[in-house]
Structures are given as C-alpha cells and as structure tokens.
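**Q** First, the structure itself, so that you have it in front of you.
Derivation of every value follows stated rules applied to the coordinates shown; laboratory data play no part. Every value quoted in this text rests on a predicted model; they were computed, and no experiment measured them. Note that each Cβ is placed from the backbone with ideal geometry, even for glycine, and that neighbours are counted across all protein chains shown.
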Amino acid sequence: MTKDDIKQVVLDIIADIAPDEDLTTVKPEVRLRDQLSLDSMDFLDIVMELRKKHGIEVPEADYVQLASLDSCANYLLPKFEAKGK
Amino acid sequence: MSSKPRIVITGLGLTAPNGNSLSEFRANLLAGKARIAVIDVRHMGKHPAGVCDFDTTKWQKRKELRIGTRVGSISIFCSREALGDSGLDWDKVDKSRVGVYLGITEHGNVETENEIHNISQFGNDTKYWTHHHNPRTVANNPAGEVTMNMGITGPHYTIGAACAAGNAGLIQAAQMLQLGEVDVAFAGGVSESIHTFGIFAGFKNQGALGAHEDPTKASRPFDKNRNGIVISEGGAIYVLERLDDALARGARIIAEIAGWCINSDATDAVLPNPERQTECVHMALKRAGMKPQDIHIVSTHATATALGDIQECTALRNVFTDCPDTKINNTKSFIGHCMGAAGALELAGNLPSFEDNWVHPTINIDELDPECALPGLVINHPIKVARVDTILNNSFGMLGINSALIVKKYGVA
C-alpha cells in the first residue's frame, strides 16, 4: 500500500458519500472541506467506512489528520502497514 | 365552521404504486388497473407489496438521497409536485409562513431494522451503528426533509395517527390555516412501510397479511375470500390555503375542505368499533352542515381484513340509509394499503370526479361478501353519475383512531 493507494481509498469513500461531487480535480494538499461540499457528518462517514472496509480505527482526537488527501495518506499509511496491507 | 376561514386545496402531488401523477393515478383507477409487485422481504421471503417508481433524482441530489430516508424522498417528491401544481410563485412566498404537516403511520422502523442488520454483520458491535440513525428516525423526519429541500422556515412536524394519518395531516393543516399560524400548508400523508419486515411479520402473525397467486388480486376488500392487507408505500401531499388568499392570487381551486372529525374507539387496539366510526362520520357531516344524502362518494378505508371490512360496512349502513345518490368505493383494491399515505391518496384518486362525474370502483370482487353488500358499492367497473359535489374520505387506524374528512366541489352550496 502506497500513499497514492491510500489517497485513492479515501477518494473512493468520498465518491460514495458525496456522489454529486466532481473528484477529478481534487488537490491533495488542499483541505477537503475547502474544495468539496463536505460537513462533519460526512467526515464521520469517512471514519466509519475506514472502519468497515479496512478495519482502520481513527480516534476522535485524530480526525484533524483527515483534513486533506496528503494528510490522510501520511496519517493512514502506518495504520494500513500495521494491517499488513 | 362558517365563522372560521374557509380552506381550499390548490395543489396536489403524489406517488402511488400505480401512478406518479394524479392524471396517471386516476386513469388507472378508472381503467381498473391495479399494480402490486412481489418483493423479497428480509427474513420473510416473497410477498405482494405496492412499490412506487417515481424519479427520486427529480428533486433531490444523490447526496440528499444517501443521507435521507425513503419516506423523506417520497415527501419531497410529492411536495415539489404539489407546489408545481399549485401555481404558487415560490420565489415570492414568505417561507416563514409556510407549514408542513405530514401524517405517518409509523416512522423509524426501516432505519432501525437496517442498522440492526448492519451491526449483525460486525458481531453486533455498536461502533458500526451509523451516526445518521437519529436524524433519520426522529419522528419529524419526513416533514423536516421537505423543509430543508424547499427552504421552508415555518413549522413542520408529522402527525402520528396510524392508518388515519393521511386525513389527520390534512385536518391539522386546515386547523393551522384557520388559526392563522401559516398562510400556505403542505399536508397529507406518506409511508415507506414496505421497507420494514416488522410490519409484514406483525400482520402475518396477526393473520392479516394478504396473499394471492396473482399479486394484483391480493388486495380484495369486500370480497368474500379476502385474506388480509397488502402493504404498500406512497405519498400524497396537498397545498392548502385559506379561500380568500387563493382567490386573491387567482389560484385554481381543486376542492374545499368542508368538515371533519377525528375520534377514538377507546375499546380495542386492533378491532375497529363501528359505533365510534358511525359517530365520527355523523360529526363530520354535522360540522360540514350536510346530511348523509348530501354525500356523493364515500371513499372507504376497508383494508381487506375479515373483520375490519364488516365493521366499516356496519358503520356506513348506520349512516347512509336511504341515500340512493351515495356511491361507495375503495382504492386499496388497486394499490394495497399505503398506511400513512392511504387516506391522502384515496382522497386524491376521487377528486377528479368533481370534474368528470365518474366514480372509480373497488376491484377484485369475484364474490361479494353479503356482509359488505352496501347498496351504493361500485363494483369492478366505474360508473358515470349525474354529479359529484361531495366526497367523504374515511380513514381508520390501530388503537381505535377514526377520521372522516369531507371535501366538496368549490362553488357548490
């Protein structure tokens, strides 16, 4: 699992929870909330889908780490590696 | 009610198992076309059910659909269609003076069942329980989704009234308009019941779930071989206004609310009480300033249960003796029992009679139950009558809630 793979994992989740959004132009370094119509409930959906689909737990104190695709990749990479992925 | 403002219907939107507009619905009622599907019910296998096929993305984004509920989507579709039908200039309407009053039989069972199933896939660990569960299951959900979709900032809530809910929503709206609480009301009834296995299981174990090898014949009120309810989803939402406001904007007036009554049996949770039903209809007539002979169509509640149909027929016999011009029909024979939407949909399908003087029938009667042989019953084929000026819409529900709503053609005395 590379950081790019993880970004795609997150984008796939967002595609499900925000199906009206155009994800082709998402900038990885920019906060997701600044470029997509996502609210706090949507971020809880991202956390839930990481838990359901990948067995990844994101504690509430770490939600800020999901701000952008880049920060997601940096934060989630060791968690995916710990899962042997 | 002459001292209070007169209330009129100026718009209507609906989705029924056999139609997504009043014109389509009405055409199928006159043509005798039932539409009942067979669906796979969780834990229970295949059962007949009335399924709506309206375009869910006509008025909602896909994200709204994902976050919201099925009944919220039904409510939004019907409200938006009603708005279009009303001719209201929505940009100029003061949204703080608009109310949403939707009747529901029950709400939340679908989402709760779904989440129980969901966490069962994860060892019943509640950390997999969705955070959307509460906003989806609060009792005001369907009406609240309408306000968010349409930018309505006036009051919204649902009226829980079992299967009398469709009438109850309309009555609530009429009362709020008369009180001056709002200037425009979106009101009626909605249901997503087919998506919960619990209602199927409950009726089946009560011996009241309809079945037939041909699903379109499964709902057969008044037939001697009826065997229970066909569960359906649907919605019918009306735009209601005070008559003076409707006239001032040159609105097309579909009908006038003439009178109503809601009362309670206070006897049994499931067995209807014809004495109280009789009183309910009599009170609605009194408030409308009418006699039984003044009613041209009685839209019955009958659900095709063995006892319930007989109880209602007993009540109707008590009221409509010597009423040769009163015709009696039933809509559930076409679309099943749309629960919270039933009363509102059943009224809607009869409203065009004010213009075309046709009375749609009750269908699927192969052998009329003698105990249901009411003189004015319109059986299997529509009939043309000299005039239709008035409709009595009956809707009754569990815990002994009875509702009778009388509407009349605008302009008749």
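**Q** What is the distance in Å between the Cα centres of region A:31-64 and region B:306-372?
**A** If you average the Cα positions of each part, the centres end up 52 Å apart.
**Q** Among the DSSP beta bridges whose two residues both lie in chain B, what percent are antiparallel, rounded to the nearest 5?
**A** In chain B, approximately 65 percent of DSSP beta bridges are antiparallel ones.
**Q** Within chain B, which complete DSSP H helices have Cα atoms spanning at least 18 Å along the helix axis and a mean Kyte-Doolittle hydropathy of 1.0 or higher? Write down the numbers at each step before the final one.
**A** On the way: long enough: B:70-86 (24 Å, 0.24); B:165-179 (21 Å, 0.68); B:274-288 (21 Å, -0.86); B:306-319 (21 Å, 0.20).
Sorted by number, there is nothing, because no helix extends far enough and scores high enough.
**Q** Another question, then. Springs between alpha-carbon atoms under 10 Å, Gaussian network over chain B: tell me which of B:ASN124, B:ASN28, B:ASN134 tops the mean-square fluctuations.
**A** Of the options given, B:ASN124 has the highest mean-square fluctuation.
**Q** Specify the inter-centroid distance of region B:263-294 and region B:70-114, based on alpha-carbon positions, in whole Å.
**A** What the calculation gives is 29 Å, centre to centre.
**Q** Test of understanding: ordering B:ILE171, A:ILE17, B:ILE253 by Cβ neighbours within 10 Å, fewest first, what list do you get? Numbers along the way, then the final one.
**A** On the way: B:ILE171 27, A:ILE17 19, B:ILE253 15.
If I rank by nearby Cβ atoms, fewest first, I get B:ILE253, A:ILE17, B:ILE171.
**Q** Report the residue, chosen from B:LEU209, B:LEU22, B:LEU307, that carries the largest GNM mean-square fluctuation when chain B is represented by alpha-carbon nodes joined by springs under 10 Å.
**A** Highest fluctuation of the listed residues: B:LEU307.
**Q** Using a cut-off of under 18 Å, list every residue of region B:360-388 whose amide N is near the label point 7 Å from the Cα of B:LEU307 along the Cα-to-beta-carbon line.
**A** B:371-372
**Q** In Å, what Kirkwood hydrodynamic radius results for chain B from the alpha-carbon pair distances?
**A** The answer is 21.0 Å.
**Q** Something else now. Rounded to the nearest 5, what % of DSSP beta bridges with both residues in the protein assembly as shown are antiparallel? Spell out each step's value before the answer.
**A** On the way: 44 of 67 bridges.
Of those bridges, close to 65 percent are antiparallel.
**Q** Quick one: order B:ASP125, B:ASP183 by neighbouring beta-carbon count within 10 Å, fewest to most.
**A** On the way: B:ASP125 11, B:ASP183 16.
Ordered by Cβ neighbours within 10 Å, fewest first: B:ASP125, B:ASP183.
**Q** Considering the alpha-carbon set of the protein assembly as shown alone, what are its Rg and its Dmax in angstrom?
**A** Cα only, the protein assembly as shown: 25.0, 84 Å (Rg, Dmax).
**Q** Given springs between every Cα pair under 10 Å in a Gaussian network model of chain B, which of B:GLY108, B:GLY189, B:GLY234 has the largest fluctuation?
**A** Judging by the Gaussian network model, the answer is B:GLY108.
**Q** Let me ask something else about it. How much length, in nm to one decimal, is gained on full extension between B:HIS131 and B:HIS381, taken as 0.36 nm per residue of separation minus their Cα-Cα distance? Before the final figure, lay out the partial values.
**A** Details: separation 250, 0.36 × 250 = 90.00 nm, distance 5.03 nm.
Full-extension gain reported as 85.0 nm.
**Q** Which of B:TRP59, B:TRP129 comes first, and how do the rest follow, when ranked by fewest Cβ neighbours within 10 Å? Write down the numbers at each step before the final one.
**A** Numbers: B:TRP59 20, B:TRP129 16.
So the residues, fewest neighbours to most, are B:TRP129, B:TRP59.
**Q** If you average the sequence gap of Cα pairs under 8 Å that are 6 or more apart and divide by the length of chain B, what percent do you get for the contact order?
**A** Relative contact order, chain B: 23 percent.
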